[in-house]
Amino acid sequence: MDYSPVILKNKGVPTQFAKTQKVGDLWERVYDQDGEVVKEELFVRFTNNTISDIEVHFGGLEAWQEQIEKYPLTTVRQTLAFVFRKDVMEVGEAMLDAEVVMYANVIGTSWSIANGVDPQIASRMLWQSVGLAKEQKETLNKELAKTLKNTKELPGLNGTDSGPKQASRSKTSGS
């Protein structure tokens, strides 16, 4: 990604999303011939219209920030829908799995630039937050791998059927 100050200031923060298409009434991701999600780069940039939509929808900027903390995925999805002028369902489908922290960082950076933060500083801040988010995912994966390695028996892998045993059939009607 090009997080150069000129790009951030003029186009917005470049961000990866899944390409979507409308199938009937639903939005679905587009996949390539190998079954991989087709990604596209969109630019997250706050305008006066975006900020105004946020104020009205959430009942003020302070309420918006509280909602981001309380309901991060829902609020990030709605905020990006305002940014892109798209349906929330389309935006939700386009958001890549396990990337809500990255999207929140992008929103924070874009918000900072819209409020006068020097794009040079915003660029450094964004690179730092991208690195921290990547580090956090790696740490989580290592811990999960360690936990799985230390687990001697996983459910369903010990040769027995999972779930409760079926009761034998009654030979009477219970009367």
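The values are calculated or read from the model by the stated rules, or taken from the named source; none is laboratory data. Fair warning: this is a prediction, and the values are worked out from it, not measured in the lab. Because the Cβ atoms are built from the backbone with ideal geometry, glycine has one as well, and the counts that use them run over all protein chains shown.
A single member of LYS9, LYS39, LYS19 is surrounded by 12 or more Cβ atoms within 10 Å (Cβ to Cβ), on the phi < 0 side of the Ramachandran plot and over 16 Å from the mean Cα position of the chain (by Cα), and it is LYS9. Of all the criteria given as (1) of a type in the set (Lys, Arg); (2) without any contact (Cβ under 8 Å) to a residue 60 or more places away in the chain; (3) over 22 Å from SER129 (Cα atoms), the one not satisfied by LYS22 is (2).
Within the range 30-53, the set of residues being closer than 17 Å to GLY92 by Cα and either of a type in the set (Val, Ile, Thr) or touching a Lys or Arg at 6+ places or on another chain (Cβ under 7 Å) (or both) comprises VAL30, VAL37, VAL38, LYS39, GLU40, PHE43, VAL44.
If a residue must be within 20 Å of LYS39 (Cβ to Cβ) and surrounded by fewer than 19 Cβ atoms within 10 Å (Cβ to Cβ), how many such residues does the range 100-126 contain?
Number of matching residues: 2.
Within the range 90-99, does at least one residue satisfy the condition of being touching a strand residue (DSSP E or B) at 6+ places or on another chain (Cβ under 7 Å), closer than 14 Å to ARG45 by Cβ and either at pLDDT 90 or above or surrounded by fewer than 18 Cβ atoms within 10 Å (Cβ to Cβ) (or both)? Walk me through it before giving the result.
Here is the first cut: in the range 90-99, the ones touching a strand residue (DSSP E or B) at 6+ places or on another chain (Cβ under 7 Å) are 90, 93-96.
Right, trim to closer than 14 Å to ARG45 by Cβ and you get none.
No.
Just so you know, in the range 58-89 the residues that are buried (at least 19 other Cβ atoms within 10 Å of the Cβ) and not hydrophobic (A, V, I, L, M, F, W, C) include one that is nearest to the chain's Cα centre (by Cα), and it is ARG77.
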